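The values are calculated or read from the model by the stated rules, or taken from the named source; none is laboratory data. Small disclaimer: the values here were computed from a predicted structure and weren't measured. Backbone-built Cβ (ideal geometry, glycine too); neighbour counts: all protein chains shown.
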Amino acid sequence: MSNSEELVMELRWDPTLGEWIMVSNIRSARPWQPTSFCPFCPGTPETGYGWKALILENRFPMLIENPPNPSIHRFYKTAKASGKCYVVVETPQHDLDDLSDLPLEQIKYVIELVIEKQKEEMKKDYAEYFLWFRNKGREIGVSLTHPHSQIYVTPFTPIRVLREIENAKIYWEKNRRCLFCDILKVEVEDKTRLLLENTNWVAFMPFYSHWPFEIHIYPKKHIQLLTQLSEVDIVDLAKILKHSLCGLKKLFSKPMPYIMAVHQSPLKGDCSFYHLHIEIYGILRDENKLKYAAGMETGGGNFTYDSVPELNAQKLKKKIIECLNENSL
């Protein structure tokens, strides 16, 4: 954003789809894959020294705690872009490729750091939702390669999660059972899409996968928020994340680009029928072949799947087993 350009930071309502669009021209000024410096390495003005992992405020945010007043339109609805955007710097090491390259203890530490941030943000008036997500790979549009993830604390519930909540509520009212608990039971029983299981978590490729190598990770116990995880839950989550992401990385000759997002309940209100889970979208459909969200997906809104989830699950499971064997040596 140039010095003469007016700051625009607001929410704009799409009345046709019933969802908020975040608008921020600050984002246009963010650095794009610089090679001469890294703002997340130790010793920069933002990071300093002597840390294992950090949560920093994003310097180019979509949302801020005290945003300017939104524009007023004669027809469209707008709102303040209230919230927070954070960067989770997962390690001081710049040259690691992925979260799965970190030791288990470090992954556990990162999860705990995020949970502490969520506890802090839950107290804020603007905080309706806490979305922790991770973008991996240039194909996804990652602007900085140092291992990191992000947090958006939003004044609304993201539309994809909102659709899950609405359908989970309908299912609960009809069956008096949790939709996600039933999905978990079916996936464990079917076994054909099951990828990995430990004491407290299950990883599987959904029957209804959208992306070629999609992983869903469910806690076995019915909980709604990251803040409800016990110490043992966090340890087992670190394990299943490490091995699942390691399998994705090994699947082809180059590491898999992916998006990972934690879906949990809104921070306010009662969604006891909902079930926390993690979704990971591996976007390569084959060696050097991207799955594009093209005409039918972006224009129509319904995904096509170019293979069969059961076959892709078996390919991915073999790589996850390799990762397990390597880590047991």
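Of all residues being in a helix (DSSP H, G or I) and touching a residue at least 12 places away in the same chain (Cβ under 8 Å) in region 304-313, which is surrounded by the fewest Cβ atoms within 10 Å (Cβ to Cβ)? Just the residue, please. Before you say what the answer is, go through the steps one by one.
First, the residues of region 304-313 that are in a helix (DSSP H, G or I): 309-313.
With touching a residue at least 12 places away in the same chain (Cβ under 8 Å) added as a condition, the list becomes 309-310, 312-313.
Values: 309: 21, 310: 13, 312: 23, 313: 24.
Filtering first and then ranking leaves 310.
Please give the number of the condition residue 220 fails out of (1) under 14 Å from residue 276 (Cβ atoms); (2) of a type in the set (D, E, K, R); (3) out of contact with any Phe, Trp or Tyr (no Cβ under 8 Å at 6 or more places or on another chain).
Single failed check for residue 220: (3).
Determine which member of the set 91, 16 is under 21 Å from the mean Cα position of the chain (by Cα) and modelled with pLDDT of 95 or more.
91
If you check 105, 120, which single one turns out to be farther than 21 Å from residue 228 by Cβ, in a helix (DSSP H, G or I) and among the acidic types (Asp, Glu)?
Being farther than 21 Å from residue 228 by Cβ, in a helix (DSSP H, G or I) and among the acidic types (Asp, Glu) holds for just one of 105, 120, which is 105.
Of all residues in region 72-102, which are surrounded by fewer than 17 Cβ atoms within 10 Å (Cβ to Cβ), part of a loop (DSSP other than H, G, I, E, B) and touching a Leu at 6+ places or on another chain (Cβ under 6 Å)?
Residues satisfying the conditions do not exist here.
Would you confirm, using the coordinates I've provided, whether residue 21 is exposed (fewer than 15 other Cβ atoms within 10 Å of the Cβ), more than 23 Å from residue 146 (Cα to Cα) and among the β-branched types (Val, Ile, Thr)?
yes
Check residue 326 against each of (1) surrounded by 12 or more Cβ atoms within 10 Å (Cβ to Cβ); (2) farther than 24 Å from residue 131 by Cβ; (3) not hydroxyl-bearing (Ser, Thr, Tyr) and name the one condition it does not meet.
It is condition (1) that residue 326 fails.
Being aliphatic (A, V, I, L, M) and in contact with a His (Cβ under 6 Å, 6 or more places away or on another chain) narrows it down to one of 320, 259, 223, so name that one.
Answer to the check: 320.
Considering region 209-249 alone, what residues qualify as being of a type in the set (Asp, Glu) and under 17 Å from the mean Cα position of the chain (by Cα)?
214
Determine which single condition residue 44 fails, assuming it passes every other condition in (1) in contact with a Lys or Arg (Cβ under 8 Å, 6 or more places away or on another chain); (2) in a loop (DSSP other than H, G, I, E, B); (3) not basic (Lys, Arg).
In the conditions (1) in contact with a Lys or Arg (Cβ under 8 Å, 6 or more places away or on another chain); (2) in a loop (DSSP other than H, G, I, E, B); (3) not basic (Lys, Arg), residue 44 misses (1) alone.
For region 247-283, which positions are within 16 Å of residue 313 (Cβ to Cβ) and out of contact with any strand residue (DSSP E or B) (no Cβ under 9 Å at 6 or more places or on another chain)?
250
Give the number of residues within region 163-178 that are over 19 Å from the mean Cα position of the chain (by Cα), assigned to a helix (DSSP H, G or I) and either without any contact (Cβ under 8 Å) to a residue 24 or more places away in the chain or over 30 Å from residue 83 (Cα atoms) (or both). Full working, then the answer.
Here is the first cut: in region 163-178, the residues over 19 Å from the mean Cα position of the chain (by Cα) are 166-178.
Adding the requirement that they be assigned to a helix (DSSP H, G or I) leaves 166-175.
Adding the requirement that they be either without any contact (Cβ under 8 Å) to a residue 24 or more places away in the chain or over 30 Å from residue 83 (Cα atoms) (or both) leaves 166-167, 170-175.
Residues meeting the conditions: 8.
Given the criteria crowded, with 23+ Cβ neighbours inside 10 Å, farther than 18 Å from residue 96 by Cα and of a type outside the set (S, T, N, Q), does residue 213 qualify?
yes
Condition (residue is in contact with an Asp or Glu (Cβ under 8 Å, 6 or more places away or on another chain), hydroxyl-bearing (Ser, Thr, Tyr) and buried (at least 19 other Cβ atoms within 10 Å of the Cβ)) applied to region 268-276: is it met by at least one residue?
Taking every residue of region 268-276 in turn, at least one turns out to be in contact with an Asp or Glu (Cβ under 8 Å, 6 or more places away or on another chain), hydroxyl-bearing (Ser, Thr, Tyr) and buried (at least 19 other Cβ atoms within 10 Å of the Cβ).
Looking only at region 153-162, decide whether some residue is at pLDDT below 95, among the polar types (S, T, N, Q) and assigned to a loop (DSSP other than H, G, I, E, B).
Taking region 153-162 first, the residues at pLDDT below 95 are none.
There is no residue in region 153-162 that is at pLDDT below 95, among the polar types (S, T, N, Q) and assigned to a loop (DSSP other than H, G, I, E, B).
So, in region 314-323, of the ones that are touching a strand residue (DSSP E or B) at 6+ places or on another chain (Cβ under 8 Å) and not charged (D, E, K, R), which residue ends up surrounded by the fewest Cβ atoms within 10 Å (Cβ to Cβ)?
Residue satisfying both the conditions and the ranking: 320.
Within region 123-144, track down each residue that is of a type in the set (Asp, Glu), touching a residue at least 12 places away in the same chain (Cβ under 8 Å) and not in a helix (DSSP H, G or I).
128, the sole residue that qualifies.
Filter region 149-200 down to residues that are surrounded by fewer than 19 Cβ atoms within 10 Å (Cβ to Cβ) and basic (Lys, Arg) and give me whichever is nearest to residue 313 (Cα to Cα).
Among those residues, the one meeting the criterion is 191.
In region 47-64, what count of residues is obtained for those that are of a type outside the set (Gly, Ala, Ser) and surrounded by 14 or more Cβ atoms within 10 Å (Cβ to Cβ)?
Total satisfying the criteria: 10.
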